[in-house]
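Reading through the structure tokens given below for one structure.
The values are calculated or read from the model by the stated rules, or taken from the named source; none is laboratory data. Worth saying up front: this structure is predicted, and the values here are computed from it rather than measured. For neighbour counting, all protein chains shown are included, and Cβ atoms are generated from backbone atoms with ideal geometry for every residue, glycine included.
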């Protein structure tokens, strides 16, 4: 079955470009479009969608609030935020609102398609290099010191799981974490899965958000 995609952007030309790219894929179908967040929520009431490509800056209802409302629904579609990054101070808020990741609007088509497939399969799609750039960009929004090193959520983790969580929060991939800790990539994947389960998190994006909110990792990427 094709992945059902919804395009949400107030720029018609951008939606047209994305639609052309997606239409050429045998496993994807653009089933809906909207020009702002309010319209997106309305359309979703009558349309089955698997993945929403969500712009952030839009009239009436922006992408952050739209994402928050969509992700609060029962069995919501996955939301992939598309941002200009340099101009968009709301990207981190979008992840916190429940998005499964974000991509830059000028992302190469192949990377966008891979991101849609990854989100649809349940993965987060914040590329490690992009995560690091995002966190550097928004460091002023994040804790600069440990607020609560004994946070009840973090206490559930083993020492190794805390190590893995800190490296995930710094934007490292499973392969990079495996090399850093001298573990197999499969072992790292297992640790990440346990972290998600213990902390009741949906994906790596939420791991990043929690790590910074609790001060486990400082803004700038260092351990708290």
Subject >> Hey, residue 59 under 22 Å from residue 204 (Cβ atoms), outside the structural domain of residue 203 (by TED's automatic domain parsing) and either under 18 Å from the mean Cα position of the chain (by Cα) or assigned to a loop (DSSP other than H, G, I, E, B) (or both) or not >> reply: no
Original post:
Looking at (1) surrounded by 15 or more Cβ atoms within 10 Å (Cβ to Cβ); (2) farther than 23 Å from residue 204 by Cα, which is the one condition that is false for residue 80?
Top reply: (2)
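Residue by residue through the range 36-56, note down the ones that are in a loop (DSSP other than H, G, I, E, B) and touching a strand residue (DSSP E or B) at 6+ places or on another chain (Cβ under 8 Å). Break it down stepwise before answering.
First pass over the range 36-56, keeping only residues in a loop (DSSP other than H, G, I, E, B): 36, 45-50, 56.
Scanning the range 36-56 gives 36, 47, 48, 49, 50, 56.
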Subject >> Which listed residue is modelled with pLDDT of 85 or more and surrounded by 16 or more Cβ atoms within 10 Å (Cβ to Cβ), from 163, 159 >> reply: 163
Original post:
Can you name the number of the only condition in (1) at pLDDT 90 or above; (2) part of a helix (DSSP H, G or I); (3) farther than 17 Å from residue 155 by Cα that residue 183 fails?
Top reply: (2)
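Considering only the range 62-77, state which residues are assigned to a loop (DSSP other than H, G, I, E, B) and without any contact (Cβ under 8 Å) to a residue 60 or more places away in the chain. Quick ask: steps written out before the conclusion?
We begin by selecting, within the range 62-77, every residue assigned to a loop (DSSP other than H, G, I, E, B); these are 62, 72-77.
Scanning the range 62-77 gives 62, 72, 73, 74, 75, 76.
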